[in-house]
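The values are calculated or read from the model by the stated rules, or taken from the named source; none is laboratory data. A quick note: this is a predicted structure, and the numbers were derived from the prediction, not measured. Note that each Cβ is placed from the backbone with ideal geometry, even for glycine, and that neighbours are counted across all protein chains shown.
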């Protein structure tokens with residue numbers, strides 16, 4: 001997990017992002033890393049605490065299911081949007097795979 005403000009700022013400033021209907025996926029390749037680092041952001045715009053927690057749990061589940069296909073040396077930030085709590089997991093997964101392929105985060 002990413003845990004410093006500098007890491008977030010670096011991904012925001014130097015990384016690539018794709019905007020989906022339910023979340024924003026940002027990535028930054030980094031040869032200094034030994035493993036991929038993730039961060040999940042859900043602001044109060046997403047909804048009440050139980051909605052934000054649901055979205056973060058789904059983000060973690062996406063990484064658990066597809067993490068083995070992701071390049072090892074990169075930062076990944078997922079920012080939930082207001083429409084994320086109202087959809088089912090399979091729709092969220094489709095969007096994650098689509099945005100991930102556009103950003104090239106998956107190993108071939």
TODO: Consider only pairs whose beta carbons are under 7 Å apart and that are at least six residues apart or on different chains; among these, list those whose first residue lies in region 91-108 and is on the phi < 0 side of the Ramachandran plot and in contact (Cβ under 8 Å) with a residue 24 or more places away in the chain and whose second residue is loosely packed, with under 15 Cβ neighbours inside 10 Å and part of a helix (DSSP H, G or I).
DONE: 106/69; 107/69
- [ ] Go through the residues of region 64-79 one by one and say whether even a single one is in contact with a strand residue (DSSP E or B) (Cβ under 6 Å, 6 or more places away or on another chain), part of a helix (DSSP H, G or I) and farther than 20 Å from residue 106 by Cβ.
- [x] no
Task: Sole exception among (1) without any contact (Cβ under 8 Å) to a residue 60 or more places away in the chain; (2) out of contact with any helix residue (DSSP H, G or I) (no Cβ under 8 Å at 6 or more places or on another chain); (3) more than 11 Å from residue 78 (Cα to Cα) for residue 10, by number - done: (1)
- [ ] Check residue 41 against each of (1) crowded, with 17+ Cβ neighbours inside 10 Å; (2) more than 11 Å from the chain's Cα centre (by Cα) and name the one condition it does not meet.
- [x] (2)
Open item on the list: Suppose we filter 31, 17 for residues that are modelled with pLDDT of 95 or more and either out of contact with any helix residue (DSSP H, G or I) (no Cβ under 7 Å at 6 or more places or on another chain) or within 21 Å of residue 106 (Cα to Cα) (or both); which single one remains?
Closed with: 17
Task: Every pair of residues 6+ apart whose Cβ atoms lie under 7 Å, when the first sits in region 45-60 and is touching a residue at least 60 places away in the same chain (Cβ under 8 Å) while the second is in a loop (DSSP other than H, G, I, E, B) and surrounded by 12 or more Cβ atoms within 10 Å (Cβ to Cβ) - done: none
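Could you please let me know if residue 57 is surrounded by fewer than 14 Cβ atoms within 10 Å (Cβ to Cβ) and part of a helix (DSSP H, G or I)?
Yes.
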Task: In region 83-108, residue nearest to the chain's Cα centre (by Cα) [restricted to those that are in a loop (DSSP other than H, G, I, E, B) and exposed (fewer than 14 other Cβ atoms within 10 Å of the Cβ)] - done: 104
Task: Inter-residue pairs, beta-carbon under 6 Å, first at positive phi and assigned to a strand (DSSP E or B) and in region 19-30, second modelled with pLDDT under 95 and buried (at least 17 other Cβ atoms within 10 Å of the Cβ), 6+ apart - done: none
- [ ] Only residues that are surrounded by fewer than 17 Cβ atoms within 10 Å (Cβ to Cβ) and not in a helix (DSSP H, G or I): list them for region 44-54, please.
- [x] 48
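Which of the residues spanning region 31-43 are farther than 14 Å from residue 79 by Cα and part of a loop (DSSP other than H, G, I, E, B)?
31, 32, 33, 34, 35, 36, listed by residue number.
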